[in-house]
Every structure is written in structure tokens, then in C-alpha cells.
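For reference, the structure is listed below as C-alpha cells.
The values are calculated or read from the model by the stated rules, or taken from the named source; none is laboratory data. Keep in mind the model is a prediction, meaning the values are calculated, not measured. Every residue, glycine among them, receives a Cβ derived from its backbone with ideal geometry; neighbour counts consider all protein chains shown. We work out accessible area using only protein heavy atoms, side chains counted, and drop any ligands, DNA or RNA first. Shrake-Rupley method; radii C 1.70, N 1.55, O 1.52, S 1.80 Å.
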Amino acid sequence: MQNKGLVKLFALLFGLVSVYQLSFSFKANQIEDNAKQFAIEKIADTEADYDAKRALVQATYLDSLKNEEAFNIGIAKFNYDEVKEKAMNLGLDLKGGINVILQISVKDILVGLANGSKDPVFRKALSDAEELQKDSQNTYLEDFFVAFEAIEGDTKLASPDVFANRTLSEEVTFNMSNDEVKPVLSAKIDESIVSAFEVLRKRIDKFGVTQPNIQRIGNSGRILVELPGAKEIERVKGLLQSTAQLEFWDAFKGEEFGAFIFQANEVLKELVDTDVEAGSVPIESTEDAISDIIGDSDAETGDETELNPLIDLIRAPGYSGGPVIASFEQKDKQVVTDYLNNPQVRALLAPEQRYAKFVWGIPQVQQTLGDNNSEPQSIELIELYALKGNRDNTPPLSGAVITDARQSYQQNGSPSVSMQMNLKGAKVWEEMTGNAFNTAGQIAIVLDEIVYSAPGVTTGPIAGGNSEISGTFTLNEAVDLANVLRAGKLPASADIVQAEEVGPSLGQEAIDSGMKSFLIALALVLLWMLFYYGKAGIYSNIALLFNIVLIFGILSGLGAVLTLPGIAGIVLTIGIAVDANVLIYERIREELFKGKGYKESVKDGFSNALSSILDANITTGLTALILYVFGSGPIKGFATTLLIGILTSLFTAIFISRLLID
């Protein structure tokens, strides 16, 4: 064999690089095992919800290592995040995690394309399409076309009240037929689904999951999301479904609505059946609430036995000069909302409050004394705000102007989200903060109809478009909110139609069964080669073991994901590698039977077997390449390891075995 020195050097470097890559996987596993053991020592099995508590302790332990030295190889040092990033990635079937299928609402997209049309034919077609979907194999859009044409009458898809509007003015004209409009709508809906796909991908990329898998399922508007290693399924659901409708509104002062609340309560006495359990709130607290809200210590509450539908629900008044009207219990939120939106109640609003928009804050748990100063009880309080709405119910500034968002910290160390706006948004923001400063008012930052904060402006107009959302965030909530704002909002709502959580025990079971099959196959092959070929079998076994190290090293270095089908590909690779050695050894035997010497037989055996080996591996490699290009999920995992295994098998069978035999 020519260039033995070059082959030795290449094999040495190849092996060292593979061992280097695999060392991160071993270290990551060691650190995670230490974290798991630490959690077990801290949380006993006898504690309630010990699994959840251990998971929290384990996550905290690993989080503490993010910026600490976790691995020192002499020439370089790595923290845990860097070790984890370089470690081999395991798929959902091995590591556990979350599998979610999302349905992008085509109905929402159609409503948006129709510019929110209220046309009765259009609206009925949307409803009829939903009914058709229950027993149909068609897409929602196809059923919408069927439903629309069944009831259209004089209304066409290109009618001014449907799709011939400003939104589609360049694509749809009044004189177009339904058949001409259909491909336009199909293309627009496909664009929206692609947009939703990209928004979801950006959100998931920032979630902190290694090698997530996200893909469209045909033309159904469904998107498959696989997150290996993810455990907080509710957090994942919130991140994927959040529409992130960020809005900035001017807020009324809470005290401006004191008289309104009292008047509304009086009206509601006549409208609401007050035959409820008496004594739910002490009379003294009702009197205090009325007094705090309307600022009148002499307020009359009427007969002591009379209940107040609205005021009896108040648990804490708003603070003076602030934007909070009052605080209620979370369980009463819907009741209070219905009260305030009653037409007779809204008629009591002052002219400047005509378009007031009542919005709730973030629920907060508070401790209160029980009856007769018994043990404290926890109640969820939620604050009520009134925003300065308008006829169109559009905010002065929306989240569309956000160009960047980052998780940050307030001065007290609490997590928050800082944002940067574009030039247009910065100008409006400067005007809003200037007005708030001049009137000592507040600006409410509203996300998905929830007030996260309503800060006052104390330093004058804020130029440059920088702002911050503060609130009772956890670190994860702040990170997720920043990711959602930075990625952008979904073009339509995304409903979770299927969510499965693959637990670590199931993942461990898959790992155990996969490794068992791998080790059994390897042991049988090694023993057979040793038994059948003797000393030459030892050389092929050494080459085979080296081949396996190379496969795992390359997988780790490329950041590829190891799955159960991937393990199957490696098992198949073992057979392919041995097959090459068998071809070579049998050709060498033939040459020896012809009376040739050992050196000449080895030389001719390798050269004569080369064409057969290349033919077999090239055809298998082409098949694996096709599977990789056109396959997805498990098929791609199998093809990846098979392709890598074919290349390393050729190298070890042709060069390493020859080097050892020579």
C-alpha cells in the first residue's frame, strides 16, 4: 500500500478529533447525572410533587453552571452551555420531550384578506365551511369555496365587500370571476402559512432546545413541532400559540371612575338577581370600598342587609393617582367584565370616557387572614384598568413597530423585557410619553389584552424608541415574551390539535432497547469474525471498533441528531463494514489457493475486491442520499447515520485493515 505514513497521520487525526467531539457528550452526561443526584439528595421521595420539585432543583443546578468552568481539557476550558452545545444531540425518541401539531386558522387568514368583512354571505360561508370540515377530507379553503358558491347569489368573491378591497387591490379586481380569484386566495393563504411557519421557527430557535424539528404537514395548514428535551409542556403551548398582540394605550386615572363604579352598582341592583349567599363580604369592607373609590367618607350604602352586585366584589381599592380602578378576585373577573360592558352601565360613562376600554392586569397571589384571624388564606387578585379607547378601538401604537426585544432586568433585579422601535414608532412613542409627562398620566403596555405595566413618565418625553415592559415576570416568561416580540406575531391563530409528551422513562427505555440491539449485533459480528478468520478477524474487529468511534464522532461534530432509526442505521453499517472485510479476505484466500505468497496475495486480494466493495457501497449510498433528501423525521435520521457509516466503513475496511495486515 502506497502512502502508509499519510494514512497513519490521517487515521490518527481523524481518531483524535472524534474522541475530542465525543468527550463533550461524556462530560455533559456526567454533569447531568450529578445534577440529578443533587436533586435526589435535596428532595426526598416522601415530599408532595417530588418529581416536579426535583426537576426544578436540577434545572437550577445546571443553570448555575452556565457561566462556570465545567470542562477543562488543558488547552481549552468550557462552561456547561458550551459543553452541552458540543455534545451529541439525541432525538425525541431517545431523550424525551414534546411533540405538538398546530393548526393555523385558515378562517382567520380569510377574514384578514377580506379586511374583516361583515358581509352576511361571506360570514355564512365561513360557518358552513366549518360544518363541512367535520366530515370532509378537503382543506378548509376548498370547503369554503364550496360553501360560498352554494349560497353566493349576487355576491362574488371579487365583490367590494369581500375580497376586492384595499388589502388585495393589486391582485383582485371587481370584474374577476370566482375561478380567477381562487388561485389568488390559495397563494395568499400559502404565504400566510409560510409566514406562520417562519415565526414559529424563530420562536423555537430561541427556546433553548437543541435540534428542534419543525415542518409543514402537506397543504393542510398544520405544522409539526418536535422539541427534544423540553419538559414544560404548558410553557411550550403558550409560546407556540401566543399571538403577541402588543399595544400601547393612554390610561385613565383610577380615581376618575370612582363615581362611575358607585353609579354602576346602583343600576346593577335593579338588573342583577341579588339573591346570593349573604355575608360574603362584611358590611364594613363594603363601606370602606365605596369610600375609597369615590373619595367620600360619608357615602351611604343603604340598608345593611342589601347586597351590592359590583362593590361587594371589590377586594382592594386603587391607589391614589394611579391607573388601577380597583382589585377583584380572579374568579370574579368574567362577572365584573359582563357588568361593566352592560349597555345600561356603559351609558353612565362621562362623555370623555365614552370609549373607555376596561382591561385586566396580571393575577397576583396575596395572603389574607381567614375568619377570626385563623390561618392565612391565598387569594388571586387581579387589577382593573380603564384605557383611553377610540371609535375604531385601535391603539395609538402597536407592537408592529418593534424591531428588537431582549430579556433584561429592572433595578430591583426582577426580569423585564426591553424593546427598540423603528423610526415611525419612536416618533409616536415620544409624543405619547410627552403627553403623559405633561398630564402626569400613565401609558399602559398591553399584551394580548392583559396590562403588563402602566408606568408614569417622570423624566419628560422618551426619544429614540426605547421602552421596557416590567411586571411580575419569571425569568422564563421574560425570555419567552422577548422571543415572541422579536420573532413577530402570527398571521393567524394557531390551535394545538395534538400534544404529546414523551417522558424521560420512555426515552430511557428506547435508549436501552436501542443500545441493547446495537451491542448484541456488534458482539455477534466480532465473535464471528474472530472465529472464522482468526488473526485476520482481530484486525477487522479493530477496524470495526475504530469505525464506530468515527461515526459517533462525526455525528457529534456535525451536530446531527441521533434517533432510534439512526441507531438502526449504525447497526446496518456494522454489517456493511464487515461485508467489505469478508470480500477482501475471501479474495486473499483465492490468491493463496493459487499458490501466491502472502504479500502478493494481500495486495491482489485488496485490489481485486475494491471494485465489488465500491459498487456495493455506492449503490447503498445513493439510496441513503435519496432517503435523506426526500425523507423527513425518522427516515432522515436513518439516512444520516447510514451515509456517514458508508464513508467511514470504506475508509476503515480499505485503509485501516490493510495497514494492520501489512
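For the range 324-450, divide the Cα radius of gyration by the Kirkwood radius and give the resulting Rg/Rh value with two decimals.
With Rh from the inverse mean 1/r over Cα pairs, Rg/Rh is 1.03.
Using label points projected 7 Å from each Cα along Cα→Cβ, tell me how many nm separate residue 341 and residue 532, to one decimal.
Placing both labels 7 Å along Cα→Cβ, they lie 7.6 nm apart.
Can you list the HN-Hα couplings for the range 513-523, worked out from phi with the Karplus curve (6.51, -1.76, 1.60; θ = phi - 60°), rounded to whole Hz and with x for Gly and Pro?
Working through the residues one at a time gives 5, x, 5, 5, 5, 5, 5, 5, 4, 5, 4 Hz.
What do you get when you divide the Cα radius of gyration of the range 1-148 by 2.2 N^0.38 Å, with N the number of residues?
Scaled against compact globular proteins, the figure is 1.91.
Against the longest principal axis of the chain, how steep is helix 4-42, in degrees 0 to 90 to the nearest 10, with axes from Cα atoms?
Once rounded, the angle reads 40 degrees.
Taking 0.36 nm per residue of separation and subtracting the Cα-Cα distance, what length does fully extending residue 4 through residue 520 add?
Once the chain is fully extended between residue 4 and residue 520, it gains 182.4 nm.
Arrange the residues 612, 416, 136 by how much accessible surface each exposes, largest first, with a 1.4 angstrom probe.
Solvent-accessible surface, decreasing: 612, 136, 416.
Solvent-accessible area of residue 346, probe 1.4 Å, all protein chains present, reported in Å² to the nearest ten, please.
70
Determine Rg/Rh for the range 578-628; Rg is computed over alpha-carbon atoms and Rh is the Kirkwood hydrodynamic estimate from the same atoms.
Here the Rg-to-Rh quotient is 1.17.
With a probe of 1.4 Å, find how much accessible area the range 102-188 has per residue, and write the answer as a whole number in Å².
Per-residue value: 53 Å².
Between residue 440 and residue 350, what is 0.36 nm times their sequence separation minus the Cα-Cα distance? Round to one decimal in nm.
Once the chain is fully extended between residue 440 and residue 350, it gains 30.4 nm.
How large is the accessible surface of residue 561 in square angstrom, using a 1.4 angstrom probe and rounding to the nearest 10?
So the heavy atoms of residue 561 present about 40 Å² to solvent.
Accessible area of the chain with a 1.4 Å probe: how many percent of it is carbon plus sulfur?
Looking at the chain in its full context, I get 54 percent from C and S.
Using unit Cβ charges (K, R positive; D, E negative) and no other charged atoms, how large, in debye to the nearest 20, is the dipole of the chain about its Cα centre?
5160
Can you compute 3J(HN,Hα) from phi for each residue in the range 611-617, using the Karplus curve 6.51 cos²θ - 1.76 cosθ + 1.60 with θ = phi - 60°, rounded to whole Hz and x for Gly and Pro?
5, 5, 5, 5, 4, 5, 6
If you count only protein heavy atoms and use a 1.4 Å probe, how large is the accessible surface of residue 385, to the nearest 10 Å²?
20
With unit charges on the beta carbon (Lys/Arg positive, Asp/Glu negative), name the residue among 173, 194, 144 whose Cα is farthest towards the positive pole of the charge dipole of the range 134-197.
Selected residue: 194.
How long, wide and thick is the range 546-662, going by the Cα atoms along their three principal axes, in whole angstroms, largest first?
53, 24, 17
For the range 133-177, run through the trypsin sites (Lys or Arg not before Pro) and keep only the ones in DSSP coil with at most 14 other Cβ atoms within 10 Å of their Cβ.
134, 166
List every residue whose amide H lies under 5 Å from the amide H of residue 246, counting only residues 5 or more places away in sequence or on a different chain, with H placed 1.01 Å from N in the peptide plane.
399, 448
Could you estimate the translational diffusion coefficient of the chain from the Stokes-Einstein equation, with Rh from the Kirkwood formula over C-alpha pairs, at 25 °C and 0.890 mPa s, in whole µm²/s?
Calculated translational D: 79 µm²/s.
Long-range amide H contacts for residue 462: which residues qualify at under 5 Å (H placed 1.01 Å from N, peptide plane, sequence gap of 5 or more or a different chain)?
Close amide H contacts, sequence-distant or interchain: 433, 434.
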